[in-house]
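The structure under discussion appears below in the form of structure tokens.
The values are calculated or read from the model by the stated rules, or taken from the named source; none is laboratory data. Note that the coordinates shown come from a computational prediction; the quantities given were computed from them, not determined experimentally. When we count neighbours, we look across all protein chains shown, and the Cβ atoms used for this are built from the backbone with ideal geometry, even at glycine.
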Amino acid sequence: MKGFYVAPYLSILIFIVIGIGLVLFTFFLARLIRPSHPYPAKTINYECAELPIGDSWIQFNPRFYIFALIFVIFDVEAVFLFPWAVAFGQLGLYALIEMVIFILILFYGLYYAWKQGVLKWV
């Protein structure tokens with residue numbers, strides 16, 4: 001092993017340091033600019049502009065999390081579907097078949113969640 005070429009790794013290190021520096025500078029600048037007027041009502045948990053009632057350590061129904069996960073899944077599908085639709089003319093039949101399979105898998109997951117009773121809002 002003759003030598004170790006450092007230049008590519010040095011440029012990566014410089015980018016990392018500059019990136020971290022920009023983030024820290026932005027945080028510092030935001031702290032200087034923003035108003036800071038703490039008062040007791042500002043430190044309570046926000047619950048639809050109502051004062052919190054009871055303990056915050058209550059057990060939530062897991063249905064809320066499942067709804068959120070299903071929303072994220074279909075949101076990601078939409079994000080995946082738009083670029084595909086824009087480039088559909090150039091992609092051909094193979095991409096159409098792949099997208100149909102992808103959508104069928106998602107609909108099967110939605111059907112399964114529906115049959116399990118996950119989507120019933122009680």
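Annotations
- Filtered by the rule that a residue be among the charged types (D, E, K, R) and closer than 30 Å to residue 116 by Cα, segment 55-90 gives 63, 75, 77.
- Just one of (1) at pLDDT below 85; (2) loosely packed, with under 12 Cβ neighbours inside 10 Å fails for residue 63. It is (2).
- From the options 110, 32, residue that is free of Cβ contacts under 8 Å to residues at least 12 places away in the same chain and of a type outside the set (Ser, Thr, Tyr): 32
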